[in-house]
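Working notes, structure below.
The values are calculated or read from the model by the stated rules, or taken from the named source; none is laboratory data. Source: prediction; values computed, not measured. For neighbour counting, all protein chains shown are included, and Cβ atoms are generated from backbone atoms with ideal geometry for every residue, glycine included. Quick note on the areas: whole protein, heavy atoms, side chains included, nothing else; ligands and nucleic acids left out. Shrake-Rupley method; radii C 1.70, N 1.55, O 1.52, S 1.80 Å.
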Amino acid sequence: MPSSPPPAAGSPPAPAVATGRRRDRRADALFAVAALALAGWVTSGLWLGPDQRVITVNSSDQALFEWLLAFGAHALTHGENPLFTTLLNVPDGVNLAVNTSITVYAAVFAPLTYLIGPPTTFLVILTLNLAATALAWYLLLSRQLVRSRLAAGVGALFVAFSPGMVSHANAHLNWTAGWLVPLLLWRVFALREPGRWLRNGVVLGVAVAVAFSIAAEGLFFTALALGVFLPVWALHPERRARAHAALPAFTRGLGVTALTAGVLLAYPLWLHFAGPQRFHGTGFDPVIHAEDIAAYAAYPRRSLAGEAGLGTSLAPNPTEENSFFGVPLLLLAAVCLGWLWRRDRALRATLAALGGTAVVFTVLSWGPRAKWAGRHTDTPLPFLLLDDLPVVNAALPARLALIVAPVIGVLLAYTVDRLRADPPRRRAAWGLGLVAALLPLLPTPLLTRVREPVPAFITAGTWKEYVSPGGTLTPLPLTLDVTPDGQRWQAYALAHRQGEFRLPAGFFLGPGGPDGRGRIGPPPRTFDTLMDQAGRTGLVPIVTEGSIRLSLADLRYWGVEVVVLADRVEGAKYDLDEDALRRTATALLGPPQRVDDVWLWRVPPA
């Protein structure tokens, strides 16, 4: 049957076409609203009071990212280096290029940080990250891979609110920036276009630079996934000729990408691999931070199934539930793969590549040695061969499971899309299967609690009367991941343009770990060891003339002018004993003075 002639140039579209476009636009708008609403639901506990509440299970990382936003805005407006700072870890400083510096976010949201403060800016970015991830996957799926807006919505919502994404929403602004992945995939696919290799290569190079500046580890994982997917797809008999024809344009574009990204990232990469305060690896044990094999069949804690008591503690911590798909979804994904393979021969190359990618990253996520239901074994696994490689040794193997969620999301989108032509009864059966697999994974809001307020000693600017410009103060205990108060105070001072004070420690990754690897914070010294002991145990350690002398030497090494103890100290992992801290500091430094709402000790000069 001959097709209808195309409409004349300039004529309005046919009524059916116009109606279809309006329907698609409504679907797009509805999806955007749904994605934002679901993101707001997940983060709703913080929206009750961004300045008064904190994420329960990961307040330390939240403090770090709030500090990064404040410091990035300060560096931008004061002409300072955004990738290296001496405000922490005095006198050595911190190499932020080997940490998660989120410099792009800090720069873009600097006006908001100055206007409403780092805690609210953090929450805005976290919420937008989740919604933008859903929207980016929806656009990629609906414009590139499937025809059905419903199919694209199902796949995109699963990826954006998969167990791994929701668990990393516990304060990880880098890992929740999942919108970078479909953006990078879209630009990689565009490299095949003949005659546009230069433009497409430049655009992808800029995207790579942006991704590196927000989520370098996520960028690395995306590159690894493409390194598995593309060869399998290109070597499949169904796609071999097409891949061969696209290879010249793809290769040229990839070369331009490398050149563009290399120019933009020349200094960050030098700082990362050869700059001061660099290190090799992360210091995190890859055996502990590997995915439990049983975790793939388990349910996450922040889900309907978790609320019903089906959650587990198979992850090393609540922010690393990177798989946790549940048995029904795993079975459904396998059925989808087999059904699509039989139904659509043209899709087999893509399915083979998706399946191969899922298998490779599932096995790699199990780490160097197998772990089942919390029990470690001596069974070696393939990751053991990669663990000592540069860059790889800085990644946590458990997070490789995050690659599996997009694979499942794409399979779900393809399945729903192909079901459009099936009889209603079959579609209903598939719909029940989707509900049974996905409904238990519906996310529940992140757990939050009241945070300790920043003392009036800081908010009123009183600290400037006791600390010289650019001088150093330290809270008690010293600032670390488990005691993040100092960085919150410093973030407040920077965001409110009070000026700079320095801290002798901080929550960061730096050198000093075993075998040349990194560690959290600086190596401990006498003073911070004594204060940590007092805060954790509630017992005043034995103080001798030698410990007093060593403690004063530590404080002078850091250039500390005043030591400050708030009435309530934020303990990210455990409660701290403020009275024991005050008595220990008094034994070391003499009686304190009361200033505003803090206890303060002046450090005498040498």
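So the values come out like this:
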| quantity | calculated |
| --- | --- |
| Check on P182, assigned to a helix (DSSP H, G or I) and open to solvent by 10 Å² or more (accessible area, probe 1.4 Å) | no |
| Index of the failed condition, A436 passing every other in (1) surrounded by fewer than 19 Cβ atoms within 10 Å (Cβ to Cβ); (2) at pLDDT below 95; (3) touching a Pro at 6+ places or on another chain (Cβ under 9 Å) | (2) |
| Residues of the range 23-37 classified as open to solvent by 40 Å² or more (accessible area, probe 1.4 Å) and either at pLDDT below 95 or out of contact with any helix residue (DSSP H, G or I) (no Cβ under 7 Å at 6 or more places or on another chain) (or both), total | 9 |
| Any pair with Cβ under 6 angstrom, 6 or more apart, that starts in the range 535-551 at a residue that is touching a residue at least 12 places away in the same chain (Cβ under 8 Å) and ends at one that is open to solvent by less than 50 Å² (accessible area, probe 1.4 Å) and in a loop (DSSP other than H, G, I, E, B) | G535/P477; G535/L576 |
| L331 closer than 14 Å to P397 by Cα, open to solvent by 10 Å² or more (accessible area, probe 1.4 Å) and either assigned to a helix (DSSP H, G or I) or among the aliphatic types (A, V, I, L, M) (or both) | no |
| Filter result for A358 (in a helix (DSSP H, G or I) and under 28 Å from A394 (Cβ atoms)) | yes |
| Answer from L330, L386, L304, L314 - the residue that is free of Cβ contacts under 8 Å to residues at least 24 places away in the same chain, among the aliphatic types (A, V, I, L, M) and in contact with a helix residue (DSSP H, G or I) (Cβ under 7 Å, 6 or more places away or on another chain) | L386 |
| Criterion violated by P397 - all others in (1) in contact with a His (Cβ under 8 Å, 6 or more places away or on another chain); (2) closer than 17 Å to S162 by Cβ satisfied | (2) |
| Whichever residue in the range 68-86 is touching a residue at least 60 places away in the same chain (Cβ under 8 Å) and over 13 Å from A491 (Cβ atoms) and, among such residues, is surrounded by the fewest Cβ atoms within 10 Å (Cβ to Cβ) | T86 |
| Qualifying residue in the range 344-361 (condition: closer than 22 Å to S313 by Cα and buried (at least 16 other Cβ atoms within 10 Å of the Cβ)) | yes |
| The range 463-477, residues that are surrounded by fewer than 17 Cβ atoms within 10 Å (Cβ to Cβ) and either within 22 Å of D51 (Cα to Cα) or over 33 Å from the mean Cα position of the chain (by Cα) (or both) | K464, E465, S468, P469 |
| Evaluation of S323 against (1) open to solvent by 20 Å² or more (accessible area, probe 1.4 Å); (2) touching a helix residue (DSSP H, G or I) at 6+ places or on another chain (Cβ under 7 Å) (one fails), failing number | (1) |
| Matching residues, the range 454-479, being touching a helix residue (DSSP H, G or I) at 6+ places or on another chain (Cβ under 8 Å), farther than 18 Å from R594 by Cα and in a loop (DSSP other than H, G, I, E, B) | L478, T479 |
| Pairs with Cβ under 9 Å, 6+ apart, first in the range 561-586 and under 19 Å from S59 (Cβ atoms), second of a type in the set (V, I, T) and open to solvent by 30 Å² or more (accessible area, probe 1.4 Å) | A566/V454; D577/T537 |
| Odd one out for A373, checked against (1) at pLDDT 95 or above; (2) within 26 Å of N170 (Cα to Cα); (3) of a type outside the set (D, E, K, R) | (1) |
| Single match in N99, N89, N200 (criterion: of a type outside the set (G, A, S) and surrounded by 24 or more Cβ atoms within 10 Å (Cβ to Cβ)) | N200 |
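Condition check ((1) of a type in the set (S, T, Y); (2) out of contact with any Gly (no Cβ under 8 Å at 6 or more places or on another chain)) across all residues:
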{"residue": "F273", "(1), (2)": "no, yes"}
{"residue": "P276", "(1), (2)": "no, no"}
{"residue": "R301", "(1), (2)": "no, no"}
{"residue": "E307", "(1), (2)": "no, yes"}
{"residue": "T319", "(1), (2)": "yes, yes"}
{"residue": "L332", "(1), (2)": "no, no"}
{"residue": "G338", "(1), (2)": "no, yes"}
{"residue": "W341", "(1), (2)": "no, yes"}
{"residue": "A349", "(1), (2)": "no, yes"}
